[in-house]
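*Asks:* Take a look at this one; I'll ask things after.
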Amino acid sequence: MTQTRRDVLQMGAAFGVAAMVPTIGRAQTADMQRIVARPASVQLAPPEYPKTDIWGYDGKLPGPEIRVPQGGPVARRFVNELPQASSMHWHGLRIENAMDGVAGLTQEAVPTGETFDYEFVAPDAGTYWYHAHNRSTEQVARGLYGALIVEEPTPADVDRDEVLILDDWLLDPETGQLDPDFDAPHNSSHAGRRGNFIATNGSFDTTWEVPANTRLRLRLINAANARVFQLGLSGLEGWVMALDGMPLETPEPIPEMILMAPGQRVDLFVDVTAPMGETAHLVRIEEDQGYSQAAFSVVDALDSSKEQRGAPVPLPPNPNMDVPNLETARRITLDMEGGAMGRLETAVLDGERMDFRELVAANQFWSFNGVVGMTQTPLASLARGETARMRIANNTVFPHAMHLHGMHFREIAEDGTIGPLRDTLLIFGDESREIAFVADNPGKWLFHCHMLSHAASGMMTWIEVA
Ligand code: C2O
Ligand code: CU
């Protein structure tokens, strides 16, 4: 039977009546906690600079930290007080598709002055984040993001738990204001929009006071549009505990250099080994130079009996971390092409074949399997529960940070070893890598480069799980 307009109207009326019936669920919805995206002005750069105009959740930079117990509900009424339509995405959370917040795929962008209720259960403990997902190149660059921390049922054995959101900003050195050319073709066609000013938690100077031998949990989140952070430690020693929210089976000693692509998270447990009176650092490494990304000034230990501790026990695994049936898995290939110094000659944009010159004129520079940007057709349609293996060939000269919504994947190395569970994979130029995941979450899931100018200029597709 075909549904007539009248049927729809009647259904609408019926729902209207249902909404009048007071139930506990509805009452809760009525006082749902609000999160308001709005313009604000913050002291981002050092005090000799003026304040910077940003867009922030509740006018803050970063947005308010959301912390919930594993399995607990997250409920926020998103209120849009921005001059642009927007939506909220919960990066890395394996939640229901309707709550994923991708404007144009899972919902319509929320217009200025309107609201959208996000309500879901956080299934996995770990470090996640939320950010705008409409015109992300601009909206994330303006500051629309925050941390979402899901706590393990038993608190980890650390003295302190700190969230460090790393970001870079493209500021006018005179005025301290953001460069408003968010779609600059040079950025889109090269390494993306990279900043000239780097901050942690929206501040140029992030310092904590810590007693010697403190064990810290550092939850690092890369919220930058395009910058790959290269990090090291000084006066701190420890273990990598989790990647992209998901615990490692065995904690690993922290490598010489930690690489973090946009969107990625790393959870570290570190012991403060610098002696009292000195300062330990999370160090950013750039062209063999070290810069302080965050400082820990070592003060007298109240509990001076504290000694350095042994290796930590792993964080408890999250549910459904296995990727079985690799041999019989559905095979998918993704060929990435384009960008400056690339070999892209022609690709399809909005159903039309174009040569590179025409694509450049449309400010589009990248293709997946010869197609530019998102279309009506998914990259793959998977049956629920099916395992998929995707070979991703980066036939460009730039690195890309491929992020899958709704499901985590594992990398399958050349030698067949299976990597840790992740939601964002950094793939260098001319590299080919393989990932595998179980399509256990139904819906339409975006798969894109988290270098946001790349996503906006072609590097975006989606996967359907039915
Ligand atoms: Cu962090 Cu498509 O998003
Ligand atoms: Cu990219």
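*Asks:* For segment 388-403, name all the residues that are buried (at least 20 other Cβ atoms within 10 Å of the Cβ), within 14 Å of ligand 2 (Cβ to nearest atom) and aliphatic (A, V, I, L, M).
*Replies:* Within segment 388-403, ILE392, ALA401, MET402 meet the criteria.
*Asks:* Also, quick follow-up: Anything in segment 381-399 that is hydrophobic (A, V, I, L, M, F, W, C), assigned to a strand (DSSP E or B) and closer than 10 Å to ILE427 by Cα? List them, or say none.
*Replies:* ILE392, ALA393
*Asks:* Moving on to the next point. Could you tell me which numbered condition PRO185 fails, if it satisfies all but one of (1) within 16 Å of ligand 2 (Cβ to nearest atom); (2) surrounded by fewer than 23 Cβ atoms within 10 Å (Cβ to Cβ); (3) within 18 Å of the chain's Cα centre (by Cα)?
*Replies:* Result: PRO185 passes all but (3).
*Asks:* Then there is this: Which condition number in (1) under 28 Å from PRO319 (Cβ atoms); (2) of a type in the set (A, V, I, L, M); (3) buried (at least 18 other Cβ atoms within 10 Å of the Cβ) is the one that VAL79 fails?
*Replies:* Result: VAL79 passes all but (1).
*Asks:* Output the qualifying pairs, or none if there are none: Cβ atoms under 6 angstrom, residues six or more apart or on different chains, first residue in segment 322-348 and closer than 23 Å to PHE437 by Cβ and β-branched (Val, Ile, Thr), second residue at pLDDT 95 or above and loosely packed, with under 15 Cβ neighbours inside 10 Å.
*Replies:* THR333/ARG391
*Asks:* Would you check which residues across segment 188-233 are within 16 Å of the chain's Cα centre (by Cα) and among the hydroxyl-bearing types (Ser, Thr, Tyr) and list them?
*Replies:* Listed by number, the list holds a single entry, THR200.
*Asks:* Hey, can you tell me all the residues within segment 406-438 that are surrounded by 23 or more Cβ atoms within 10 Å (Cβ to Cβ), in a loop (DSSP other than H, G, I, E, B) and either more than 16 Å from ligand 2 (Cβ to nearest atom) or at pLDDT below 95 (or both)?
*Replies:* Listed by number, the residues that qualify are GLY406, HIS408.
*Asks:* Still on this structure, I have one more. Identify the single condition in (1) under 25 Å from MET88 (Cα atoms); (2) away from ligand 1 (no atom under 14 Å from the Cβ); (3) among the charged types (D, E, K, R) that LYS444 does not satisfy, given that it satisfies every other one.
*Replies:* Of the numbered conditions (1) under 25 Å from MET88 (Cα atoms); (2) away from ligand 1 (no atom under 14 Å from the Cβ); (3) among the charged types (D, E, K, R), the odd one out for LYS444 is (2).
*Asks:* Another question, if that's okay. Taking segment 204-216, which residues are within 25 Å of GLN43 (Cα to Cα), of a type in the set (S, T, N, Q) and either touching a helix residue (DSSP H, G or I) at 6+ places or on another chain (Cβ under 8 Å) or at pLDDT below 95 (or both)?
*Replies:* The one that is within 25 Å of GLN43 (Cα to Cα), of a type in the set (S, T, N, Q) and either touching a helix residue (DSSP H, G or I) at 6+ places or on another chain (Cβ under 8 Å) or at pLDDT below 95 (or both): THR206.
*Asks:* Next up: If we scan segment 448-462, do we find a residue that is more than 20 Å from ALA132 (Cα to Cα) and within 16 Å of ligand 1 (Cβ to nearest atom)?
*Replies:* The answer is no; no qualifying residue exists.
*Asks:* Moving on. Residues in segment 136-155 that are part of a loop (DSSP other than H, G, I, E, B) and over 14 Å from LEU178 (Cβ atoms): how many?
*Replies:* Here is the first cut: in segment 136-155, the residues part of a loop (DSSP other than H, G, I, E, B) are 140-144, 152-155.
Within this subset, residues satisfying the condition of being over 14 Å from LEU178 (Cβ atoms) are 152-155.
Going through segment 136-155 one residue at a time, the tally reaches 4.
*Asks:* Working only within segment 94-134, note down all residues that are under 16 Å from the mean Cα position of the chain (by Cα), touching a residue at least 60 places away in the same chain (Cβ under 8 Å) and more than 10 Å from ligand 1 (Cβ to nearest atom).
*Replies:* Within segment 94-134, ARG94, ILE95, ASP124, ALA125, GLY126, THR127 meet the criteria.
The values are calculated or read from the model by the stated rules, or taken from the named source; none is laboratory data. It should be emphasised that the depicted structure is a prediction, and the values quoted were computed from it without experimental measurement. Note: ideal-geometry Cβ built from the backbone for every residue, glycine included; neighbour counts use all protein chains shown.
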